[in-house]
Every structure is written in C-alpha cells, then in structure tokens.
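In what follows, a single structure is set out as structure tokens and then discussed.
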Amino acid sequence: MDSRAPRRSGEAGSASIELVGVLPFLLLAILVAAQLALAGQALWSAGVAARAGARAALVGGDAAGAARRALPESMRSGARVGDEGRVSVEVPVPRLLPAMPPLSVAAGARLGDDG
C-alpha cells in the first residue's frame with residue numbers, strides 16, 4: 001500500500017508561481033533596506049566629521065580640513081563643510097540606483113564654553 005498522499009492536479013506548480021509573484025516585492029524590500037543603511041552610514045560619517053572639525057576649531061586648527069579628512073574618501077568630493085560658529089557637514093547619500101533622486105544628510109557640532 002502506498003503511504004504517500006495523492007496529489008491534486010493543478011497544485012504542483014502553485015508554490016513556484018507564488019514565489020515568482022512575491023520575488024519583486026522581496027527584492028524591493030531588500031533594496032529599500034540597503035538604501036536606508038547607506039543613508040544611516042552617511043549620517044553617521046557626517047556626525048563624526050562635524051565633531052572632528054569642532055575639536056580642531058576648539059584648539060585653533062583648520063576645522064574644515066579636519067572635517068573633510070574625517071570623512072570616508074568616497075564622500076569627500078561631494079561634501080559641504082561650514083565652520084561659522086559651529087561646524088556643519090553635509091554629505092550626499094550614495095544611491096543604489098541612478099534613477100533615485102539625490103539625497104543628502106547633514107550634521108553639526110560645536111565645542112567650547114557655552115556661557
């Protein structure tokens with residue numbers, strides 16, 4: 001006696017069809033998560049660079065130069081650094097797809113006597 005359950009005709013390929021239908025949404029979710037991770041990394045880098053520039057300004061050094069050197073090399077060319085009163089750093093977010101709109105993130109820091 002065969003212990004296998006009988007297969008119904010028409011259900012054999014339904015799992016494959018469902019996977020093909022869900023796959024674009026899964027890929028989109030992965031792409032969105034990766035883009036958010038890149039934006040977070042850019043924001044983190046801008047914050048680190050702003051603090052490095054603020055430390056340099058506190059001791060009388062070149063705040064803009066210190067901020068640029070603290071950025072990853074891939075972000076230096078598009079970065080905008082301001083050092084009027086507080087050091088601000090704005091960097092473009094790397095895009096996974098060229099069709100995506102350009103985004104940028106910014107961070108600022110100031111060290112010293114607040115009184």
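Database remark: amide H of residue 103 closer than 5 angstrom to the amide H of 93 (H placed geometrically; neighbours at sequence offset of 5 or more, or on other chains; Pro and chain starts carry no H). Across the range 20-83, C-alpha contacts under 8 Å between residues 6 or more apart give a mean separation that, scaled by the residue count, equals a relative contact order of 24 percent. Ranked by how many other Cβ atoms sit within 10 Å of their own Cβ, fewest first, the residues 73, 18 fall in the order 73, 18. In sequence order, the range 87-103 has phi-based couplings of 8, 10, 10, 10, 10, x, 7, x, 9, 6, 10, x, 6, 6, x, x, 10 Hz under the Karplus curve 6.51 cos²θ - 1.76 cosθ + 1.60, θ = phi - 60°, and Gly or Pro positions carry x.
Mean separation of Cα pairs under 8 Å and 6 or more residues apart, divided by the residue count, gives the chain a relative contact order of 25 percent.
Residue-wise HN-Hα couplings along the range 23-38, as the Karplus relation 6.51 cos²θ - 1.76 cosθ + 1.60 with θ = phi - 60° gives them from phi, are 3, x, 5, 5, 5, 5, 5, 5, 5, 5, 4, 5, 5, 5, 5, 5 Hz; Gly and Pro carry x.
Which order, highest average first, do 96-108, 19-31 follow once you tally other Cβ atoms within 10 Å for each residue and take the mean per peptide? Working shown, then result.
Numbers: 96-108: 11.8, 19-31: 9.9.
Going by the mean number of other Cβ atoms within 10 Å, highest first, we get 96-108, 19-31.
Against the set (1) 1.43; (2) 0.97; (3) 0.95, the structure's computed Rg/Rh (Cα atoms, Kirkwood Rh) falls on (1).
Using the Cα centre of the chain as the reference point, and only Cβ charges (+1 on K/R, -1 on D/E), how large is the resulting charge dipole? Debye, rounded to the nearest 20.
Working: 12 positive and 10 negative charges, 39 e Å.
Result for the chain is approximately 180 debye, rounded to the nearest 20.
Using the Cβ-Cβ distance between residue 95 and residue 62 with R0 = 30 Å, the FRET efficiency computed as 1/(1 + (r/R0)^6) comes to roughly 0.50.
For n ≥ 4 DSSP H runs only, could you compute -39500 (n - 2.57) per run for the chain, divide by its residues and tell me the 222 nm figure to the nearest 500? Value at 222 nm, helices only, nearest 500: -17000 deg cm²/dmol.
No value in this document is a laboratory result; all are computed from the given coordinates. Just so you know, these numbers come straight off a predicted model, no measurement behind them. Cβ: placed from backbone, ideal geometry, glycine included. Neighbour counts: every protein chain shown.
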